[in-house]
Amino acid sequence: MNLAFYHHVAVDADMLVPFAEHHTSDGAHSYYVLFDRSATYGHPGVPQYVAVHLQRDREKRSFDFAHAPLPLPAMAQSWLIHRGCPPDAIGLNAELGPAPADEVTRALGQRLVGDGDHYAMGYSYTRDDPDDRVTVVALRFLHELTSSPYRVVVEQVDTEAWTHTLREGGFDTVQEALQWCVDRLSGTAGPLPPVRPSVTPPRPPLPANAPAPRFPGRSR
């Protein structure tokens, strides 16, 4: 067995629950969204999901892998999709994990799955206290022209109804985003500030005699 794979993944195999998985028809690739039940016994706040991508070389009878601990299953799905997994093949098992509580949660979850490569994660904390089961994630939006360049995504789990909500807030600075996370975990945070809509500067009009634009690879 690949020693690194053993230390990073297989050592906790009996504590990993597959929330989603996909295997290519040729057996060369496998993709997993795993819930790590052992995380609750580790360092407080660590992510509880692991995305794993296996790549097999049948001729050499060997394999390589990449993995990432991530705080939300949607982020694990996105990580796998942007490493080649078909988007419609890595849906979460509806029988595992809390269901979305509302349409806002569904829409934000779908956006995180599809647009995950637009963000860089800077901080996360997962609290699995049954009285306040919450995950906060601070992100930096990578698009230079966006408003609210720093985002906080909050997942709140209702342990009685077994549903969850996702909400997003927008911040101007990383310090404001991180402070909101700290305040939320201490129970003193106010409402999430809304994400301000991006403003795309209008393109200047073309001169009246300008030639029509040409696209690479297309003949006139």
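For region 24-58, enumerate the residues that are of a type in the set (Lys, Arg) and either surrounded by 15 or more Cβ atoms within 10 Å (Cβ to Cβ) or under 19 Å from the mean Cα position of the chain (by Cα) (or both).
Arg37, Arg56
To keep it simple, each residue is scored yes or no on (1) polar (S, T, N, Q); (2) within 13 Å of the chain's Cα centre (by Cα); (3) loosely packed, with under 14 Cβ neighbours inside 10 Å.
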| position | (1), (2), (3) |
| --- | --- |
| Gly84 | no, no, yes |
| Gly97 | no, no, no |
| Asp102 | no, no, yes |
| Gly116 | no, yes, no |
| Tyr123 | no, yes, no |
| Asp129 | no, no, yes |
| Arg140 | no, yes, no |
| Ser147 | yes, no, yes |
| Arg167 | no, no, no |
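Answer yes if at least one residue in region 46-58 is among the hydrophobic types (A, V, I, L, M, F, W, C), part of a helix (DSSP H, G or I) and closer than 16 Å to Leu16 by Cα, and no otherwise.
no
When you scan region 90-146, how many residues do you find that are basic (Lys, Arg), in a strand (DSSP E or B) and free of Cβ contacts under 8 Å to residues at least 24 places away in the same chain?
Summing the residues that are basic (Lys, Arg), in a strand (DSSP E or B) and free of Cβ contacts under 8 Å to residues at least 24 places away in the same chain in region 90-146 gives 0.
FYI, it's all coordinate maths here, none of it is from the lab. In this text the structure is predicted, and so the values were computed from the model without any measurement. Every residue, glycine as well, gets a Cβ built from its backbone with ideal geometry; the counts of neighbours run over all protein chains shown.
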